[in-house]
Amino acid sequence: MASIGSEQAPRSRWLTLRQAELNGAIARGRALFAGGGDSSLMRRLAGAAFIIRVVSAAIAFFAQILLARWMGGYEFGLYIYAWTWVLLIGGMVDLGLGSAAQRFIPEYIEHRQFALLRGFLSGSRWLALGSASIIAAAGAVAVKLLSPYMDPKTIVPLYVSCAALPMFGLWGVQSGIARSYNWVNLGLTPNYVQRQLVLLALMGLAFALGLRTDAVTATIIGVIALFSVSIGQLVVLNRRLVGVVAPGPKAYAVRGWLAPSTADAHPPSSAAVARVLDVAAGRRVATQVEGGRTVRRSASRLAVGEGSGRVRPVKTERAVSSVPSWGLTEVGEPVVTAEALAERVLELGAAITADYADEAPLLVGVLKGAMIFMSDLARAIDLPVDVDFMAVSSYGSATRTSGVVRIVKDLDADLAGRHVLVVEDIIDSGLTLNYLRRYLAARQPASLEVCALLVKEGEQRVPLDLRYVGFTIPSAFVVGYGLDVDERYRNLRAVHVYKASGV
Ligand code: IMP
């Protein structure tokens, strides 16, 4: 009895353990498809992509058995040979625009750069289609040139295969666009599932009708299947995009779209490792590494977080500081002291350093008010920045802008594909900046952000998207630290109220 008992005990323990494992697996499975957070959404999308690939592999397995039976081993081998070339080259013909879609679309949406978004949605597809067609033509020429050295039976299937490449280009980008909107099914099933099913159905039909089912027929049907599902994907994608993207002007930043993504680099570049070591050694405040994460020193430890994002405006406290004797009659108390300015400029510089670690920005200073802020800020940024200036004059009274802006000095630099950071002294109504933003966006920079030192509280007449703000100040006319009245007081070290304005 004892021996029976001792045998049963481990078995029941084993059963309990298996049951616990099973319950755990069920719970994990449930968690995968439930929950409302971002990470649960990502898990579900990854799960959907995984399932599609598994289904695709299963279809491919049965397709191979059926096709080999319908075509005979030799013709099937020829077809597989030709189609392998299509798959090999097809993966590259979109020029990387498929993965660029997943980088640029979320970025354009977040920064509300809708002209660039619309430009990408159509431009990237035309670009991929065009480049893939050129590659297809080059492929056909290569087949022609190499044909004397090839098995004659492979030549026609290879020619036909070239015709598939333009659709691979289109599919690659459309798949990236669909996935960036989390439409995983629309992104993946046309090529992975539907194309194979259409191919099988048409080949089965040809076989049933007693038509020739050789490598040429299979390759032609393969191309027809790819065309039909890619065009179907195009129609469905366009219909869905109408629902999420409002019509409007388009802007193109082709150079930026085609530039290889450093965020995709794996493992991290040696430059990123060196920057993190700098942070660890206290030589840098923070840095950004591949994938947009920021590494900072927090107390004595390294903290990894998401990009620094928006810098919160800091409210100033009224502080007393001396006004030089030559300004006593017109210059009032400081609104922002020289010390507060110096400290905040360093903070802004550190945030910009972290955010643009992968690609140094072009700083665009707006003369003349931003000249001092620009020179301090540029030195607080630990990156090889480029600097350019433009001068604008706004029509209006001495202390009020009208929003009608004249460009007095334009930029020297070409903005196309650059990461532009506008450095502004002060935002009052916001009309000047609003005008500048539109003016600069038309030159197709890769990104366009604003760093404003001062924002007057409650005065803005247009919505503004300010990534970096130094201080919000009460609504009064101010001078100093670059700001003037009739060209005077720019050289005050602090920002002061201008008494004579009567505000
Ligand atoms: P906005 O168009 O009303 O935002 O005005 C912005 C421009 O007006 C700034 O770039 C400054 O040149 C100027 N400005 C606005 N408020 C002040 C101020 O208080 N002191 C000096 N200049 C100002």
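Please determine whether any residue of segment 423-440 is within 11 Å of the ligand (Cβ to nearest atom), open to solvent by 10 Å² or more (accessible area, probe 1.4 Å), polar (S, T, N, Q) and part of a helix (DSSP H, G or I). Taking every residue of segment 423-440 in turn, at least one turns out to be within 11 Å of the ligand (Cβ to nearest atom), open to solvent by 10 Å² or more (accessible area, probe 1.4 Å), polar (S, T, N, Q) and part of a helix (DSSP H, G or I).
For segment 187-215, the set of residues classified as open to solvent by 20 Å² or more (accessible area, probe 1.4 Å) and under 17 Å from G172 (Cβ atoms) consists of T189, Y192, V193, Q194, R195, listed by residue number. Take the residues in segment 356-379 that are farther than 20 Å from A441 by Cα, open to solvent by 30 Å² or more (accessible area, probe 1.4 Å) and in a loop (DSSP other than H, G, I, E, B), then tell me which one is farthest from the ligand (Cβ to nearest atom). Looking at the filtered set, the residue picked out is D358. Annotation: R103 fulfils all but one of (1) over 20 Å from R240 (Cα atoms); (2) open to solvent by 30 Å² or more (accessible area, probe 1.4 Å); the unmet one is (1). How many of the residues making up segment 114-161 are without any contact (Cβ under 8 Å) to a residue 60 or more places away in the chain, buried (at least 19 other Cβ atoms within 10 Å of the Cβ) and of a type in the set (S, T, Y)? The total comes to 1. Note on segment 441-462: residues that are within 15 Å of the ligand (Cβ to nearest atom) and either touching a helix residue (DSSP H, G or I) at 6+ places or on another chain (Cβ under 8 Å) or within 14 Å of A251 (Cβ to Cβ) (or both) amount to 6. Scanning segment 462-487 for residues that are within 23 Å of V404 (Cα to Cα) and over 30 Å from the mean Cα position of the chain (by Cα) gives S475, A476, F477, V478, V479, G482, L483, D484, V485, D486, E487. Scanning segment 380-407 for residues that are at pLDDT 90 or above and either open to solvent by 70 Å² or more (accessible area, probe 1.4 Å) or away from the ligand (no atom under 16 Å from the Cβ) (or both) yields A380, I381, D382, L383, P384, V385, D386, V387, D388. Taking (1) within 16 Å of the ligand (Cβ to nearest atom); (2) open to solvent by less than 30 Å² (accessible area, probe 1.4 Å); (3) in contact (Cβ under 8 Å) with a residue 40 or more places away in the chain in turn, T353 satisfies each apart from (1). Scanning segment 103-135 for residues that are touching a helix residue (DSSP H, G or I) at 6+ places or on another chain (Cβ under 8 Å) and not in a helix (DSSP H, G or I) yields a single hit, Q113.
The values are calculated or read from the model by the stated rules, or taken from the named source; none is laboratory data. What you see is a predicted model, and the numbers here were worked out from it, not measured in a lab. Please note: Cβ atoms are built from the backbone with ideal geometry, for glycine as well, and neighbour counts cover all protein chains shown. Only protein heavy atoms, including side chains, enter the accessible area calculation; ligands, DNA and RNA are left aside. Shrake-Rupley method; radii C 1.70, N 1.55, O 1.52, S 1.80 Å.
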